[in-house]
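Here's the structure we're looking at; comments come further down.
The values are calculated or read from the model by the stated rules, or taken from the named source; none is laboratory data. All figures in this text were calculated on a predicted structure; none of them were measured in a lab. Because the Cβ atoms are built from the backbone with ideal geometry, glycine has one as well, and the counts that use them run over all protein chains shown.
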């Protein structure tokens, strides 16, 4: 009997114990550093969402740790080594829920999108899911919005882990587990780029330096060119963004979903530099790869608007 109980406990996370997924089955895993200001807002806005909260602190000097503990989080500590995957994986070690949800303190998922997430998890269709992140850059830049997708939800107990120093991925380990990462329509708001301009640029420059180091070590890995293009887009350096997006396409090692987002973002960069025909072409390629994304339709509609083709605008907005 003791052996059976031990085995049941050991394999609980890989669904020997079945049932409808609810908040009690979700382990939130976070990595934080000096996030006291954001963390309180995050926990207040997500009360009742998670059965377990795991927080790994990488060197806070403010009240981050005390705030996390106040809201019931299990807090652990990890030295920061310029490696997001290393820190993420440290948090995964302590999760005991059936599903792991990875979010940051400057992100927010509202109740409607949280309920959508539960619907996906109860569908039984996948072992891992992409979430969509909407980032609003400062108002001084005309309120530009960027939407990207990242794999942040997956079953626990299947050996899934993150790889890559930055813009960390779980694709390889999900494939080893016999599954794939499925898209969702779940939207998460990201406030990280709404800080003052100096802080925002410092964060982006940090990311660029880490990504350049990744590229120097893995020059054939297309995903790093794709992410570097994203960072330059956030700096509104469209020419550099286009260069890295195009290099990412040439590498040809991206998943179909990531290729669709890459072509979408390349189309957006072309749109912002006035190359309207190229913007339309890239957005159309994105739709061919994945017709569940809505941003490519907006890119095409805006391009047609700038060309004076209002019938094209109406048709694509209806899509």
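Do the conditions hold for residue 294, that is, is it at pLDDT below 90, in contact with a strand residue (DSSP E or B) (Cβ under 9 Å, 6 or more places away or on another chain) and closer than 19 Å to residue 164 by Cα? Criteria not met by residue 294. Is the stretch 272-279 home to any residue that is over 21 Å from the mean Cα position of the chain (by Cα), in the same structural domain as residue 147 (by the TED database) and assigned to a loop (DSSP other than H, G, I, E, B)? No, the stretch 272-279 has no match at all. Does the stretch 214-229 include one or more residues that are more than 22 Å from the chain's Cα centre (by Cα), assigned to a helix (DSSP H, G or I) and free of Cβ contacts under 8 Å to residues at least 24 places away in the same chain? Yes, because at least one residue in the stretch 214-229 is more than 22 Å from the chain's Cα centre (by Cα), assigned to a helix (DSSP H, G or I) and free of Cβ contacts under 8 Å to residues at least 24 places away in the same chain.
Residues checked against (1) in a loop (DSSP other than H, G, I, E, B); (2) at pLDDT 95 or above; (3) closer than 22 Å to residue 158 by Cβ:
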| position | (1), (2), (3) |
| --- | --- |
| 17 | yes, no, yes |
| 55 | no, yes, no |
| 60 | yes, yes, no |
| 81 | yes, no, no |
| 87 | no, yes, yes |
| 91 | no, yes, yes |
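As a summary of the residue check, residue 181 satisfies the conditions (1) crowded, with 20+ Cβ neighbours inside 10 Å; (2) within 15 Å of residue 150 (Cβ to Cβ); (3) outside the structural domain of residue 45 (by the TED database); (4) in contact (Cβ under 8 Å) with a residue 60 or more places away in the chain except for the one numbered (3).
Results for (1) surrounded by 20 or more Cβ atoms within 10 Å (Cβ to Cβ); (2) out of contact with any helix residue (DSSP H, G or I) (no Cβ under 6 Å at 6 or more places or on another chain); (3) in a loop (DSSP other than H, G, I, E, B); (4) at pLDDT 90 or above, shown as yes or no for each residue.
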| site | (1), (2), (3), (4) |
| --- | --- |
| 167 | yes, no, yes, no |
| 175 | no, yes, no, yes |
| 185 | no, yes, yes, yes |
| 192 | no, yes, yes, no |
| 198 | no, yes, no, no |
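Within the stretch 241-264, restricting attention to residues that are touching a residue at least 40 places away in the same chain (Cβ under 8 Å) and surrounded by fewer than 24 Cβ atoms within 10 Å (Cβ to Cβ), the residue that is farthest from residue 171 (Cα to Cα) is 257.
Looking across the stretch 108-127, just one residue is modelled with pLDDT under 95, farther than 17 Å from residue 48 by Cβ and touching a helix residue (DSSP H, G or I) at 6+ places or on another chain (Cβ under 8 Å), and that is 126.
Residues of the stretch 34-79 that are surrounded by fewer than 17 Cβ atoms within 10 Å (Cβ to Cβ), more than 19 Å from residue 95 (Cα to Cα) and touching a helix residue (DSSP H, G or I) at 6+ places or on another chain (Cβ under 7 Å): 34, 62, 63. For first residues located in the stretch 72-89 and in contact (Cβ under 8 Å) with a residue 40 or more places away in the chain, partners that are assigned to a helix (DSSP H, G or I) and surrounded by fewer than 17 Cβ atoms within 10 Å (Cβ to Cβ) and lie 6+ apart or on another chain with Cβ distances below 9 Å form the pairs 82/206; 82/209; 82/213.
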